[in-house]
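Have a look at the structure below, then the notes.
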Amino acid sequence: MADPRDPRPLIGEPLSLDLLNTRWSATNPQDLLAAPGGYGIWLSSAGLADRCPDDADGLAAVLAAREALAGLVRAAEEQREPEPTALNEVLAHGRIRHTLTATGPAEAVEVDSPAWLAAWLAADDYLGLLRQGPHRIKACAHETCILHFFDTSQNGRRRWCSMAVCGNRAKAARHYEKVTR
Ligand SMILES: [Zn+2]
């Protein structure tokens, strides 16, 4: 559940996109991770507060993961070939260890240091989204919105980060154009 202190307009997308969504608004740029205490709030909203230390190393790792993800998503949007090096550098800090336990097969994430856990989980989440359907990774269609979401709708036609915010803003703008034409 989202931390009540979390100021972001869109919360709860898959972890990789949720990390991208720490930046929002093209007209009045906001960055949760640049705000004092913002990293801790993000960890809390992402359900990672008790697994990841809220410290400078963790924040640096998460910022590296965010830059890598932003580059990849931008490349996909501009239909350019992705440059995977930066994401692979983040992924190199962790791995999934498979084991057999008394109750059956299990897997555990191992990271070089706890500071890399949140960053690694976000990078790994992006791989999961690519496996499920890269075309479902979408930017909100509103021109002043820079949020991203994973379109899980049946027909794959979701266009807005949120109908309540951007969907209605676009509808209102269209209506305004019509009545003033
Ligand atoms: Zn939007």
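Residues that are modelled with pLDDT of 95 or more and part of a helix (DSSP H, G or I): does segment 93-103 have at least one? Taking every residue of segment 93-103 in turn, none turns out to be modelled with pLDDT of 95 or more and part of a helix (DSSP H, G or I). The residues of segment 28-70 that are of a type in the set (Asp, Glu), more than 19 Å from TYR126 (Cα to Cα) and without any contact (Cβ under 8 Å) to a residue 24 or more places away in the chain, listed by number, are ASP31, ASP50, ASP54. Kindly indicate whether any position in segment 38-45 is part of a loop (DSSP other than H, G, I, E, B) and either within 16 Å of the ligand (Cβ to nearest atom) or out of contact with any Leu (no Cβ under 9 Å at 6 or more places or on another chain) (or both). Checking segment 38-45: not a single residue is part of a loop (DSSP other than H, G, I, E, B) and either within 16 Å of the ligand (Cβ to nearest atom) or out of contact with any Leu (no Cβ under 9 Å at 6 or more places or on another chain) (or both).
So, ARG158, is that one within 16 Å of the ligand (Cβ to nearest atom), in contact with an Asp or Glu (Cβ under 6 Å, 6 or more places away or on another chain) and either of a type in the set (Val, Ile, Thr) or without any contact (Cβ under 8 Å) to a residue 24 or more places away in the chain (or both) or not? Here the answer is yes, as ARG158 does meet what is asked. Among all residues of segment 126-138, there is at least one that is modelled with pLDDT of 95 or more, farther than 23 Å from GLU89 by Cα and surrounded by 14 or more Cβ atoms within 10 Å (Cβ to Cβ).
Within segment 2-23, the presence of a residue that is farther than 27 Å from CYS166 by Cα and surrounded by fewer than 13 Cβ atoms within 10 Å (Cβ to Cβ) is excluded.
The rows are residues; the columns are (1) within 19 Å of the chain's Cα centre (by Cα); (2) closer than 17 Å to LEU15 by Cβ; (3) within 16 Å of the ligand (Cβ to nearest atom); (4) surrounded by 12 or more Cβ atoms within 10 Å (Cβ to Cβ).
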{"position": "LEU91", "(1), (2), (3), (4)": "yes, yes, no, yes"}
{"position": "ALA102", "(1), (2), (3), (4)": "no, no, no, no"}
{"position": "ASP112", "(1), (2), (3), (4)": "no, no, no, yes"}
{"position": "ASP124", "(1), (2), (3), (4)": "yes, yes, no, yes"}
{"position": "GLN154", "(1), (2), (3), (4)": "no, no, no, no"}
{"position": "CYS166", "(1), (2), (3), (4)": "yes, no, yes, yes"}
{"position": "ALA170", "(1), (2), (3), (4)": "no, no, yes, yes"}
{"position": "GLU177", "(1), (2), (3), (4)": "no, no, no, no"}
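Scan segment 129-141 and give yes if some residue there is within 16 Å of the ligand (Cβ to nearest atom), in a strand (DSSP E or B) and either touching a Ser or Thr at 6+ places or on another chain (Cβ under 9 Å) or free of Cβ contacts under 8 Å to residues at least 12 places away in the same chain (or both), otherwise no. Yes, because at least one residue in segment 129-141 is within 16 Å of the ligand (Cβ to nearest atom), in a strand (DSSP E or B) and either touching a Ser or Thr at 6+ places or on another chain (Cβ under 9 Å) or free of Cβ contacts under 8 Å to residues at least 12 places away in the same chain (or both).
The values are calculated or read from the model by the stated rules, or taken from the named source; none is laboratory data. Given the structure is predicted, the values throughout are model-derived calculations rather than measurements. Neighbour counts are summed over all protein chains in view; Cβ atoms, including those assigned to glycine, are modelled from backbone coordinates with ideal geometry.
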